[in-house]
């Protein structure tokens, strides 16, 4: 399990988001990517997944070049997008969403799934506790239920690398804790990269923290990275979030 | 004087209405799921312009009307695709497209009405009339229906999921550009190919309403596609029968039936 970016430059028009950045993440565990809004966390994920082609540099997943090639990256990783980036203008049921992980890879469309694929879909829905809402349209569900459906979809092929973009955003506090626990469980035997505006839920289990702010500002063990002065610099100072994170690191990790 | 009993039923009326209903019933949920409503509402304008230009070609160069209208329609719709590919937002590209086609339609319509004595044909394009179709129209409509259904029906899952989560679909190895192009071409073909049957005015309703009704009523994508097709087929047939009984314009009555269905569903 290895995710690597070499000399990556990303720009939207004239606006440069990352300039010749390197990143290497290796081995199973929970990697938490933090940074304020607009820091480039989602952009970083999209570059690593091949969804955005960098102006310069290459991206590798397990040694395979996936630069601008999402169809290759998709075979190696599971992806949970940011819930707020999705729209449900049309009824799609939970089951349809989860089984799309199988169905989209099997073109031309077949009416019936082989038993093994059906079993995969059933299994992840069971594990994520969404079997009883399988026939419900996503638009009618709570943020937590939608998030569980998206995680289930990412887990269908049992990927060894998981990218999760703000997996607890738009989720109520109880749901947040439940989803965070599930993510920690998942990270025991695979690499899980979680981006979060509020990392406090993940810090106690994080193997490494990557601080992003229009570039990779810091990367390392939580105790080394979660320093008050660095976070104040990144988040702009005086933010309660910073105080909370530093306190958490001091009391549980540091 | 016209009375319901004086009507001699013609199988062609039912065939063309069934074909139009099936085509739009399949296309409408995709248009809704992909949020192509604005473009779908604009395409009848380009279909009308293509058909009018095809009349001019037919009258001046003896170029076959059906072939001319399809080619012109595809050329016009590729204009929107080009604008979007050049970085314009779909809404802005559609706005430019509509402004151009509406203005040109007025100019070409004026030219046709003054240069050729073809008022009846022009009105048939605008208000549509399944009762005036010929066997040639039926054959043309059949080809359009088969092409559109084959372009969309096997790929409904991809099309719908592209509207929900484009990134995930790309990660699954699907190329969105191919499906975008297929949808736009299918929309262009159906609007120009069925213009004589449904008419420019009611085409908007037939493209938009079945999908909207289905999205209100259904709980899953599969259910929504089925509902859209049933609503479209039922609306088409009921509208045609009611128009025969009342002597009102068939495409107008079909539009009202679909509107009534929408109002009933939206009260849920």
Meets criteria (farther than 19 Å from residue A:80 by Cβ, out of contact with any strand residue (DSSP E or B) (no Cβ under 9 Å at 6 or more places or on another chain) and in the same structural domain as residue A:44 (by TED's automatic domain parsing)) for residue A:189:
no
Take residue B:169 and tell me if it is modelled with pLDDT of 90 or more, touching a helix residue (DSSP H, G or I) at 6+ places or on another chain (Cβ under 8 Å), under 16 Å from residue B:51 (Cα atoms) and buried (at least 17 other Cβ atoms within 10 Å of the Cβ).
no
Restricting to segment B:213-232, and then to whatever is within 17 Å of the chain's Cα centre (by Cα) and surrounded by 24 or more Cβ atoms within 10 Å (Cβ to Cβ), can you tell me which residue is farthest from the other protein chains (Cβ to nearest Cβ)?
B:232
Being modelled with pLDDT of 85 or more, over 18 Å from residue B:179 (Cβ atoms), touching a helix residue (DSSP H, G or I) at 6+ places or on another chain (Cβ under 6 Å) and surrounded by fewer than 22 Cβ atoms within 10 Å (Cβ to Cβ): is that true of residue B:63 here?
yes
Which of the numbered conditions does residue A:72 fail, given that it passes all the others? Conditions: (1) more than 11 Å from chain B (Cβ to nearest Cβ); (2) assigned to a helix (DSSP H, G or I); (3) under 22 Å from the mean Cα position of the chain (by Cα); (4) surrounded by fewer than 19 Cβ atoms within 10 Å (Cβ to Cβ).
(1)
In the list B:102, B:148, B:98, B:138, which residue meets the criterion of being out of contact with any strand residue (DSSP E or B) (no Cβ under 8 Å at 6 or more places or on another chain), surrounded by 21 or more Cβ atoms within 10 Å (Cβ to Cβ) and either closer than 30 Å to residue A:101 by Cβ or more than 14 Å from every other protein chain (Cβ to nearest Cβ) (or both)?
B:148
Segment B:153-174 residues that are in contact (Cβ under 8 Å) with a residue 40 or more places away in the chain, paired with ones that are surrounded by fewer than 22 Cβ atoms within 10 Å (Cβ to Cβ) and part of a helix (DSSP H, G or I) (beta carbon under 7 Å, 6 or more apart)
B:157/A:103; B:159/B:179; B:162/B:176; B:162/B:179
Out of curiosity, is residue B:205 within 20 Å of the chain's Cα centre (by Cα) and away from chain A (no Cβ under 14 Å)?
yes
Filter result for residue B:163 (more than 22 Å from residue B:34 (Cβ to Cβ), part of a helix (DSSP H, G or I) and in contact with a helix residue (DSSP H, G or I) (Cβ under 9 Å, 6 or more places away or on another chain))
no
Taking segment A:137-149, which residues are within 25 Å of residue B:217 (Cβ to Cβ) and in contact with a strand residue (DSSP E or B) (Cβ under 8 Å, 6 or more places away or on another chain)?
A:137, A:138
The residue from B:37, B:74, B:52, B:22 that alone is under 19 Å from residue B:127 (Cβ atoms) and in contact (Cβ under 8 Å) with a residue 60 or more places away in the chain is B:52
Condition broken by residue A:67, with the remaining ones in (1) assigned to a loop (DSSP other than H, G, I, E, B); (2) facing another protein chain (nearest Cβ under 10 Å); (3) modelled with pLDDT of 95 or more satisfied:
(2)
Looking only at segment A:129-174, count every residue that is within 16 Å of residue A:185 (Cβ to Cβ), surrounded by fewer than 22 Cβ atoms within 10 Å (Cβ to Cβ) and more than 14 Å from chain B (Cβ to nearest Cβ) and tell me the total.
3
For segment A:13-48, how many residues are touching a strand residue (DSSP E or B) at 6+ places or on another chain (Cβ under 6 Å) and part of a loop (DSSP other than H, G, I, E, B)?
4
Tell me whether segment A:81-93 contains one or more residues that are more than 8 Å from chain B (Cβ to nearest Cβ) and crowded, with 23+ Cβ neighbours inside 10 Å.
no
Of the residues B:244, B:240, which single one is touching a helix residue (DSSP H, G or I) at 6+ places or on another chain (Cβ under 8 Å), buried (at least 19 other Cβ atoms within 10 Å of the Cβ), under 16 Å from residue B:128 (Cα atoms) and in contact (Cβ under 8 Å) with a residue 24 or more places away in the chain?
B:240
Count, please, the residues in segment A:72-86 that happen to be free of Cβ contacts under 8 Å to residues at least 24 places away in the same chain and over 24 Å from residue A:53 (Cβ atoms).
0
When (1) in a helix (DSSP H, G or I); (2) surrounded by fewer than 22 Cβ atoms within 10 Å (Cβ to Cβ); (3) at pLDDT 95 or above are applied to residue A:4, the one that fails is (1)
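The values are calculated or read from the model by the stated rules, or taken from the named source; none is laboratory data. Computed from a predicted model, the values in this text were never measured in an experiment. Neighbour counts run over all protein chains shown; Cβ positions are idealised from the backbone, glycine included.
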